[in-house]
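First up is the structure itself, then whatever we jot down about it.
The values are calculated or read from the model by the stated rules, or taken from the named source; none is laboratory data. These figures come from a predicted structure and were not determined experimentally. Cβ coordinates were reconstructed from backbone atoms using ideal geometry, including for glycine residues, and neighbour counts include every protein chain displayed. Please note that ligands, DNA and RNA were not included when accessible areas were found on the heavy atoms of the full protein model with its side chains. Shrake-Rupley method; radii C 1.70, N 1.55, O 1.52, S 1.80 Å.
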Amino acid sequence: YVGRISIDSFSEYFTFYLAQNGDALSDIIQSRIAIESQAVRLACNFATSSDLSQMERCLADLHNTALDTTTGAEADFRFHCAIVEASHSASLITVYRSISELMRHSHLRRRQKTTIKPELIADLIECHRDIYKAIILKREDLAEEKLRDHFDFSSKLEAEQKLADIVAHKARCDD
């Protein structure tokens, strides 16, 4: 019998469950896309000036820390959290928070696995800025499109890094 489940219990369950899965990070990304896609649409309608100010601070932090793996990942994570918070959807916020530690870890792992070339930093920041602008304009379709573009950009960087690792490994083996 469960009288009442706490968010901490929910979070621990997800952490344990996904830790047993070798594809946990991929699964977390898919969960993020699902949650954030709806959250960004809601944020277009319900974001307050305080929410927008929080996103601006997160964008500034992202700009200032983009080249640092750890602090850049944290700034990126906080920006995405700010979008979900701006949705003002209790259910989306609760589910997002329940997997937030896994997402924080996911952000850091992706940053550690992917070398972001300095010339691409501006593009990374612009992806986030485009999402923010669409929220300000209250354009749900555009906001979701820009969010998905951001995920595509990140996936492309990750794929390019994997290919570079394969080529480097082959070169070492050939020597």
(request) Could you run the Karplus curve 6.51 cos²θ - 1.76 cosθ + 1.60 with θ = phi - 60° over the range 120-133 and give me ³J(HN,Hα) per residue in whole Hz, x for Gly and Pro? (result) 9, 4, 4, 5, 4, 5, 5, 4, 5, 4, 5, 4, 4, 4
(request) Let me know the charge dipole size of the range 53-150 about its Cα centre in debye, to the nearest 20, where only the beta-carbon of Lys, Arg (+1) and Asp, Glu (-1) is charged. (result) 240 debye
(message) Per residue of the range 84-94, what does 6.51 cos²θ - 1.76 cosθ + 1.60 with θ = phi - 60° give for ³J(HN,Hα)? Whole Hz please, x for Gly and Pro, Karplus curve as stated.
(response) 5, 4, 5, 5, 6, 9, 4, 5, 5, 4, 5
(request) Mind checking which of 58, 73, 37 is farthest towards the positive end of the range 24-96's charge dipole, using Cβ charges of +1 (Lys, Arg) and -1 (Asp, Glu) about the Cα centre? (result) 37
(request) For residue 70 and residue 30, calculate 0.36 nm times their separation in residues minus their Cα-Cα distance, and state this gained length in nm to one decimal. (result) 12.2 nm
(request) Quick one: pull the percentage of alpha-carbon pairs in the range 130-175 with a separation above 12 Å. (result) 67 percent
(request) At 0.36 nm per residue, minus the direct Cα-Cα distance, what do residue 88 and residue 136 gain on full extension? Give it in nm, one decimal, please. (result) 15.7 nm
(request) Give a residue-ordered list of calculated ³J(HN,Hα) values for the range 73-81 (Karplus: 6.51 cos²θ - 1.76 cosθ + 1.60, θ = phi - 60°; whole Hz; x for Gly, Pro). (result) 5, 5, 5, 4, 4, 5, 4, 5, 4
(message) Is the C-alpha gyration tensor of the range 51-143 telling us rounded, prolate or oblate? Criteria: a/c under 1.5 is rounded; beyond that, a/b larger than b/c is prolate, otherwise oblate.
(response) oblate
(message) Please compute the per residue accessible area over the range 114-158 with all protein chains in place, 1.4 Å probe, rounded to a whole number of Å².
(response) 53 Å²
(request) Using a 1.4 Å probe over the heavy atoms of the protein chains, calculate the carbon and sulfur portion of the accessible area of the range 22-161 as a whole percent. (result) 51 percent
(request) First check a/c for the range 72-126, with a ≥ b ≥ c the square roots of the eigenvalues of its C-alpha gyration tensor; if it is under 1.5, answer rounded, and if not, answer prolate when a/b is larger than b/c or oblate otherwise. (result) oblate
(request) Please give the FRET efficiency for residue 60 paired with residue 163, using the beta carbon to beta carbon distance and R0 = 30 Å, rounded to the nearest 0.05. (result) 0.35
